[in-house]
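The structure under discussion appears below in the form of structure tokens.
The values are calculated or read from the model by the stated rules, or taken from the named source; none is laboratory data. On a predicted model such as this, the values are computed, not experimentally measured, just so you know. Cβ: placed from backbone, ideal geometry, glycine included. Neighbour counts: every protein chain shown. Areas reflect the complete protein model, heavy atoms only, side chains present, ligands, DNA and RNA absent. Shrake-Rupley method; radii C 1.70, N 1.55, O 1.52, S 1.80 Å.
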Amino acid sequence: MDDKSLRILEFHRIREIISGFTSFSASRELVNGLMPVTDYAVIHLSLKQSAEARRLLSLEPGFSIGGVTDIRERARMAVLGRILEPAELLEVRCTLEATRKLRSSLTGLSEELPLLWAIAGDITALPGLEESINRCISPTAELLDSASPALAAIRRRLKELRNHLLDRLHSIINSPRGQRMVQEPIVTEREGRYVIPIKIETRKEIKGIVHDISNSGATLFIEPWSTLTMGNELRELAIQERREIDKILTALSARVAEHEAEISRNIALVAELDLALAKARYAGKFGASEPVVIPPGENPAGDARLKLVAARHPLLGEGAVPMTLEMGRDFSILVITGPNTGGKTVALKTIGLLSLMMQAGLPIPASEESHLPVFDGIFADIGDEQSIEQTLSTFSWHIGNIIRIINSATENSLVLLDELGISTDPAEGSALARSILLHFLSLGTITVATTHYSDLKAFAHTTDGFKNASLDFDPVTLEPTYHLSVGTPGGSNALATAARLGLDAGIIARAREMTAKGSQELEALLADLMNERQRFSSLCDGLEKQRAELEKQNAELGGELKRLQAEEQRIIQEARDGIVKQAAELHREIQQAASELRREKKREVVERSKQALASVHQQLKADHWQPKAITEAGAEAVEDSHITPGDTVWLKEVNIAAKVLSLSEETGQIEVQAGQAKLSLSMDRVTRTASPAGRGLPASAPVRIEAGSGKASLELDLRGRRADEVEVALDSFLNDAAMANLTEVRIVHGIGSGTVRSIVRESLAAHPLVTNFRCGGQKEGSDGVTIVRL
């Protein structure tokens, strides 16, 4: 990037602001070295990290890097062999702990904040070094006795010897002789030796070494001969303690030196995280956000290359007036006009500074809808740096800048020109300005220029690729509004501005008289146009407010309609559920009444059947129904009643012959085969017979089955039947099964809501043909089947 343009646009002040949001020196160094770049990938990554940091602060507003300090220099000194002091080692330990906790705190957010985790995940924890320092150095930066067994022993002996020495000195002081000699009853220290203050006149009464004399000369500080040996030993122990401490500090410093690479890497990674957090804090305070970045040479489909929405100058704080601007689609040259002190230069600097911030990976004070292209260069000619020493006039200085810009700018550059063509003859200056702008138009360079030249305004209005814009001026208050309007040129309003700034009214009046009539009419026309534009803008704002209000009312009505529809559905559903419930209850009562009637009818039928059966049995016992000795078929009855498998027997009740298959003496049951049918019956219902030689078994008597009886089935499937059909079908099935002499049948009713099952089992419980019933087994259909014993 162009260094002069960076200085003109005051990018260094942005760095100072961001630096104020950092937490330690390493991240401040990163901010101070922050520069706009042209690498799209680097810019995109940096802005994404900033966005993730904003997300992190929204989740945890108090998040920070903790107590991390830049210990890289101390680690480098340890590599060079310097012994680190306990306070420095404590700083190393605190930083190692803080970096470890920082990494741990971001572990749980790795999926939500992948870019920040990519940085934090590379932090290397050094628990061994951290523990070693923690074991040796106290939180107050003192070496602990636990640092080594030798140090603990030395300090223990030091304590014991010191107490013994002090006790000996206090005994001297408290003795009658000592009380007479001492100046004060205290033990003090001189040059690392314990002494007592003795009056000068009693000097010869005690033997010892004089270590000091008071300023008045009245007191001698003497170490008695009796404690000299203990004092010497104490001094030796202190030296041993110092050597042991040096040994421990040397070992710890060597451990730090071993991990110098990891420590330096960790500090660099934490600085990156802190830089992202500093950007996020800046964005939070100044309402900034990350714009969309357009790669070099690309144009958004159907949109402008440069789009700023509600953009504010980052150095003006809350007083900045938002600006919205789009360039690079229908036009690439914007000519801004308007009153002096109206904000034209601020608009230029806003465009340039926000572009620099974006390319430095910083959020900008503008809406998230904004997008900016990656410029290969941002060039600004703003201000006046004329130099008497270099014989440069204002015009010369500007032309020198413009020459430098023309030689460097490309189609992917941004050019900002303030008061183009000024400080020379207006006609020539205007022509020069038009020619320069046409040059940038031919390159396709996005260019913004400010001017007061009326013919340049007209040129911009009639030339393709150009667009006029103006800073609004309130015609009532005669003050600038600092609002940028694209599409309309503005008047300079020099006389109104001069009057507002306090210039004599008479001078202003003469100036108006001297102004050309055409210029006055143009200025008046522009003023009227501005007034109409403001009225139109106010009307649009009013319509927009009405539209928003109508949309709000429409949304409220839509919500109320949905609520009423939901309430209607609820009421209908409740009514339907009530009707269904009542219908089900009524149906149950009807079923119950029908069942009761059927039961009563069944009881009557059963009673009549029992009576008829008893009558039949009575008749069958009559003599003329008893079997003859010789059957009609010619078979002889065998008097020997012993029956064995294979014998031929006569079935008394149906008057047919059958072959014995098996019998059971315990149960008195016999199994026989008559034709294709196998029967199981009691032994008293058969008679053993023998066929005459040469004759087969007598022919079976024909059995006549009533029409319509059909073949009985072992299973009845009631699934899908209506409730009012169930009992009728079940009763008919049980009657057929009984007529067919079946002893066990299977009723399939399914599980479903349980209604059919309940009807079936209630009917079975009262049915006279049913001995008992049970739920089907696991392989029989479980609760969806009922097994009935007849």
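Data for the structure
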item	result
Amide H contacts of Val195 (H built 1.01 Å from N, under 5 Å, at least 5 apart or other chain)	Thr188, Glu189, Arg190
Peptide ranges 360-366, 119-125, 109-115 listed from the most packed, as the mean C-beta count within 10 angstrom indicates	360-366, 119-125, 109-115
Computed FRET value (nearest 0.05) for Lys204 with Asn232, which takes r as the C-beta separation and R₀ as 25 Å	0.55
Pairs of Cα atoms farther than 12 Å apart, the range 55-100, %	66
Under the Karplus curve 6.51 cos²θ - 1.76 cosθ + 1.60, θ = phi - 60°, whole-Hz ³J(HN,Hα) for the range 173-188, x wherever Gly or Pro sits	5, 7, 6, x, 5, x, 4, 6, 8, 6, 6, 9, x, 9, 10, 10
Residue pairs, from the table Lys285/Lys307; Lys48/Lys307; Lys48/Lys344, whose Cα atoms sit over 28 Å apart	Lys48/Lys344
Overall dimensions of the range 350-458 as given by Cα atoms, namely Rg and Dmax in Å	15.2, 48
Linear extension gain, Ser753 paired with Arg135, 0.36 nm per residue minus alpha-carbon span	215.2 nm
Environment charge at Ile364 (Cβ cut-off 14 Å; Lys +1, Arg +1, Asp -1, Glu -1)	+3
At R0 = 22 Å, FRET efficiency that the Cβ-Cβ distance of Ser216 and Thr188 yields, to 0.05	0.90
Selection from Leu144, Leu34, Ser105, by position along the positive dipole direction of the range 16-170 (Cβ)	Leu144
Computed lengthening from Val770 to Ser680, 0.36 nm per intervening residue step minus Cα-Cα distance	30.5 nm
Sparse-neighbourhood loop sites, trypsin sites (Lys or Arg not before Pro) in the range 29-75 - DSSP loop, at most 16 other Cβ within 10 angstrom	none
Of all accessible heavy-atom area on the range 180-273, the percent that carbon and sulfur account for (1.4 Å)	51
Student exercise, the range 210-319 dipole from Lys, Arg, Asp, Glu Cβ charges, in Debye to nearest 20	660
Inter-label distance, nm, simple model (7 Å from Cα along the C-beta direction), Arg82/Ala509	7.8
By average C-beta atoms within 10 angstrom, highest first, the peptides 158-165, 1-8, 448-455	448-455, 1-8, 158-165
The range 404-457: relative contact order in percent, alpha carbon pairs under 8 Å with at least 6 residues between	47
Accessible-area composition of the range 32-141, carbon plus sulfur, in percent [1.4 Å probe]	55
3J(HN,Hα) from dihedral phi, the range 68-76, Karplus parametrisation 6.51/-1.76/1.60, rounded to Hz, x for glycine, proline	6, 10, 7, 9, 4, 5, 5, 5, 5
Value of relative contact order over the range 54-110, rounded to a whole percent, pairs C-alpha under 8 Å and six or more apart	43
Pairwise label distance in nanometres, Ala254 with Glu744, each label 7 Å out on the Cα-Cβ vector	9.1
Neighbourhood net charge (13 Å Cβ-Cβ; Lys/Arg +1, Asp/Glu -1) for Ala276	+1
Whole-number D in µm²/s for the range 1-154 (Stokes-Einstein; Kirkwood sum over Cα pairs; 37 °C, 0.692 mPa s)	177
Gained length - Glu715 relative to Thr462, 0.36 nm times residue gap less alpha-carbon distance	81.3 nm
Coordinate range along principal axes, alpha carbons of the range 213-283, Å, largest first	72, 35, 12
For the range 229-387: span of alpha carbons on each principal axis (Å, largest first)	97, 39, 36
Cα pair distances of the range 241-335 binned at 10 Å [whole percent]	12, 22, 21, 16, 11, 10, 7, 3, 0
Solvent-accessible area per residue for the range 16-67 (1.4 angstrom probe, square angstrom)	49
Net charge contributed by nearby residues that have their C-beta within less than 14 Å of Ala53 (K/R +1, D/E -1)	0
Relative contact order, percent, the range 20-98 [alpha-carbon distance under 8 Å, six or more residues apart]	35
Label-point separation, Ala593 to Arg157 (7 Å along Cα→Cβ), nm	11.4
Cβ-derived FRET efficiency at R0 51 Å, Asp3 paired with Glu60, nearest 0.05	0.85
Proportion of all alpha-carbon pairs of the range 104-204 beyond 22 Å (%)	63
With DNA, RNA and ligands ignored, accessible area of Met357 (1.4 Å probe; Å², nearest 10)	0
